[in-house]
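Any read-out appearing in this document is the output of simple, stated calculations on the displayed coordinates, not a laboratory observation. Remember, predicted model here, so these are calculated numbers, not experimental data.
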Amino acid sequence: MTIPAPDDAPVWIGHDLPPIWRDGVEYFLLSARNELYLIPNRCPHRGGPLKFGRLNAAGELVCPMHGNAFSVETLLDNPATLRLTAAP
Ligand code: FES
């Protein structure tokens with residue numbers, strides 16, 4: 001399993017990475033804006049696993065449960081999203 005450098009694609013999703021848990025919340029890894037983020041793996045509609053969604057032609061993440069699409073910017077701006085930094 002290789003995690004691509006953030007420059008390899010505008011948006012990259014860690015579909016095949018193991019679940020990432022923090023404080024009882026499951027996250028998935030997403031690369032965008034040349035940064036790495038932990039995004040809550042819970043669709044705002046009815047809790048579907050966004051991690052297994054796909055990016056559509058508009059660059060939105062399409063939930064695998066009911067097909068609602070969410071802009072990556074919306075996901076990044078979610079207060080529950082965590083931006084990873086090099087500092088501990
Ligand atoms: S749970 Fe994601 S679109 Fe319904």
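In whole Hz, what ³J(HN,Hα) sequence does region 31-46 give by Karplus (6.51, -1.76, 1.60; θ = phi - 60°), x for Gly and Pro?
These are the phi-based 3J(HN,Hα) values: 10, 7, 6, 6, 9, 9, 10, 9, 10, x, 8, 8, 4, x, 6, 9 Hz.
For the chain, state what percent of all Cα-Cα pairs lands in each successive 10 Å bin, counting from 0 Å until the bin that includes the largest distance.
Cα pair-distance distribution for the chain, in percent: 17, 55, 26, 2.
Which residue, Ala58, Ala32, Ala69, has the most motion in a Gaussian network model of the chain that connects Cα atoms within less than 10 Å?
So, out of Ala58, Ala32, Ala69, the one fluctuating most is Ala58.
Got the relative contact order for region 6-83 handy, in percent, Cα pairs under 8 Å and 6 or more residues apart?
Values: 129 pairs, mean separation 17.2, N = 78.
Rounded, it is 22 percent for region 6-83.
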